[in-house]
1. Which of the trypsin sites (Lys or Arg not before Pro) across the range 107-208 are loop residues per DSSP, with 10 or fewer other Cβ within 10 Å?
2. Roll a 1.4 angstrom probe over the protein heavy atoms and tell me the percent of accessible area of the range 190-315 that is carbon or sulfur.
3. Farthest toward the dipole's positive end in the chain, which of S82, M147, T419, given Cβ charges of +1 (Lys, Arg) and -1 (Asp, Glu) about the Cα centre?
4. What relative contact order, as a whole-number percentage, does the chain give when Cα pairs under 8 Å and 6 or more residues apart are counted?
5. What share of Cα pairs, in percent, lie more than 28 angstrom apart in the range 77-213?
6. Most fluctuating residue of P207, P35, P154 in a GNM of the chain with Cα springs under 10 Å: which is it?
7. Once all Cα-Cα distances of the range 277-352 are split into 10 Å bins that start at 0, what whole-number percent is in each one?
8. Rg to Rh ratio, the range 91-157, alpha-carbon atoms and Kirkwood radius?
Amino acid sequence: MKKIASSFLLLFFLILAVQAENYPYRSDVLWVTVPSHADWLYKTGEQASVEVQFYKYGIPQDGVQVDYEIGGDMMPADTRGSVKLKNGKAVIGLGTMKEPGFRDCRLTARIGDKTYRHHVKVGFSPEKLRPYTQMPADFAGFWEKNMAEQAKTPLKYTKERAEEYCTDRMDCYLVKLQLNNRGQSIYGYLFYPKDAKPGSCPAVLCPPGAGIKTIKDPLRHRYYAESGFIRFEIEIHGLNPTMTAEEFAEVSAAFNGKENGYLTNGLDNRDNYYMKRVYLACVRAIDLLASLPEWDGKNMVVQGGSQGGALALVTAGLDKRVTACVANHPALSDMAGYKAGRAGGYPHFFRKAGMDTPAKLETMAYYDVVNFARLITAPVYMTWGYNDDVCPPTTSYIVYNLLSGPKEALLTPINEHWTSEDTERGHLEWIKKQLK
């Protein structure tokens, strides 16, 4: 794993702390948290501490009281206390852990009638984390059967030029891809390098993050097509990205107004779970890319973040045509981990009443990223931050630890549930190195 050189670590903290505290809004205050180990990692049984710095308008806040709560990753606090800042700084002891995992120090400062919050997580032997979720005996057979059933439906799609996203360096098409014989479909934007020749282009599938939404910013990763790649940006709900706001409101009402309610839809039965169609849709998207005459026939990449990172890993586990995988802070990973007394993966089912049932647990195992990670043989590049409370670092480490093929990780400790533009562009550079 790549580690930041200690000689410029403090500068790294200062820059990223500004991003983390102010992202996506500006703030008058700045928190800087500097753990006693430069990489924020400790061995189990080792004592950890963190220096907390707090500035307002760039001025160290002397005498301000900072209250803190410390507990396991996504777990209730087991330690509470407060410190007074001297010249804007104080040191807080974080304790230790006997088992691999993360501790989270949650900070609160009050100035006048304003309350400011921040947090910092440090890891204890996280390379030894293992999943609570086990692989069902018929896991591979279940998915092989469903993929074989889907394969009986001929590949069908429509392709319409999207002039608004075409440039002098790339062409774009809006695609409606049929998934099965029930007429279900998804939409996607398909980008090509300008004047792409037959057999010349690697292909990249990009599944979306969580939510009921259409494709909002298809040009965000335009540099893929500009660098010679075919790129397919998809959605998963059958929502045409050209629909009006009124049409979207009407369609989204069918989801009962629950932004991510689809993630519990049918969870009592592995055959009826909503995400079965979604996972198989990613395989069907690979079918489409593999059918394109411009594809080079050798390089098939999946890349995504959060739910998209989960779907990238799922696709790499299901489909051996995938030759490389990039995943940021993947969701849907060791979802039942809460039953082990530690953080589980997004969407954090076990923090909601009525979710801890034998039927739901059984279904989760067939859809958990950890079980697909066990099947991946293609090279994988993962990145995640320790301060992420959406897809916690505990679950990202668990997935990474299970990968048995070639793998690399970029650890960005201070990051919460976001990646920088530089990190995103770094994904493309890694992908280029994997090309056959």
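The values are calculated or read from the model by the stated rules, or taken from the named source; none is laboratory data. Nothing here was measured: the structure is a model prediction, and the numbers come from that model. Note that each Cβ is placed from the backbone with ideal geometry, even for glycine, and that neighbours are counted across all protein chains shown. Side chains included, ligands, DNA and RNA excluded: accessible areas come from the protein's heavy atoms. Shrake-Rupley method; radii C 1.70, N 1.55, O 1.52, S 1.80 Å.
1. The qualifying sites are K152, R182.
2. Ligands and nucleic acids excluded, carbon and sulfur reach 47 percent.
3. After comparing all options, I get M147.
4. Computed value for the chain: 14 percent relative contact order.
5. Taking all Cα-Cα pairs of the range 77-213, the fraction more than 28 Å apart is 59 percent.
6. P154
7. Percent of pairs per bin, in order: 19, 41, 26, 10, 3, 0.
8. Reported Rg/Rh, Kirkwood definition of Rh: 1.36.
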